[in-house]
Amino acid sequence: MDIMSKRKFISISIIMVYILEFITIYSYINKNTTNEHYDLKEEHITNPIIEKTYQQETFLTQLQNKEEDYLAILKIPKLNINRPIYSIQDKRNNVEQNIEILKESILPDHNNSLILLAAHSGYGYNAFFDPLDQLTINDVIIFIYNNQELKYYVTNIEEQEKDGTISINKETTDRLILTTCSKNNKTKQLIITAKKNRE
């Protein structure tokens, strides 16, 4: 093969390489554009209503996956109450936001446990104990703690002076006490006592 033929062959080879590269690049760009277009179909989530629902569901899923996020759960089936209880040190443990567990409480993993819970009644988003006056003797209160469902039964319902304290009898039994403002007298507080064993 003479020099001219070699040069012609090399030139054609170079042109072919460029053509092949162009086809490869074009295919890559076209493929990515198609995928991007497909992804954009998922943008229906930008609809404000759908986006809000999506964010709420995501938040609730994340909350449920955080077992350490709350201390326990209080359930009162008769009153449709089902609320998390945060640890005593948690900044969310206050009556303005949630049902508060008082610092004097003795948790169920100790003998003669005493769980003291307080919440608002009346009106507003935080009036979690508003229906507390509907409880009667032997109604069930459930306290889920350390993956155990502990059942307490109402044994006493009374009103005491609202002076920032609660008067409790000393007993050698596991108890759960709920308190909120009385609906009958502004100077009184409602006290519901429940015990783990039926009397």
(message) If you build the convex hull over the alpha carbons only and average its shadow over all orientations, what do you get for segment 118-198? Give it in nm² to one decimal.
(response) 6.1 nm²
(message) Over segment 110-188, with the other protein chains present, what is the accessible area per residue in square angstrom, probe 1.4 angstrom?
(response) 58 Å²
(message) Between D90 and E171, what is 0.36 nm times their sequence separation minus the Cα-Cα distance? Round to one decimal in nm.
(response) 26.3 nm
(message) Suppose R0 equals 35 Å. What FRET efficiency, 1/(1 + (r/R0)^6) with r the Cβ-Cβ distance, do K103 and I137 give to the nearest 0.05?
(response) 0.75
(request) With the full set of protein chains in place, find how many percent of the accessible area of segment 106-199 is carbon and sulfur; take the probe as 1.4 Å. (result) 44 percent
(request) Per residue of segment 153-170, in order, report the coupling 6.51 cos²θ - 1.76 cosθ + 1.60 (Karplus, θ = phi - 60°) as ³J(HN,Hα) in whole Hz, putting x for Gly and Pro. (result) 10, 4, 10, 8, 10, 8, 10, 10, 4, 8, 10, x, 10, 10, 8, 10, 6, 7
(message) With the cut-off at 20 Å, tell me which of the pairs K103/K186; K78/K170; K151/K195 have Cα atoms farther apart than that.
(response) K103/K186; K78/K170
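The values are calculated or read from the model by the stated rules, or taken from the named source; none is laboratory data. Computed from a predicted model, the values in this text were never measured in an experiment. Positions of Cβ are backbone-derived with ideal geometry, glycine not excepted, and every protein chain shown enters the neighbour counts. Only protein heavy atoms, including side chains, enter the accessible area calculation; ligands, DNA and RNA are left aside. Shrake-Rupley method; radii C 1.70, N 1.55, O 1.52, S 1.80 Å.
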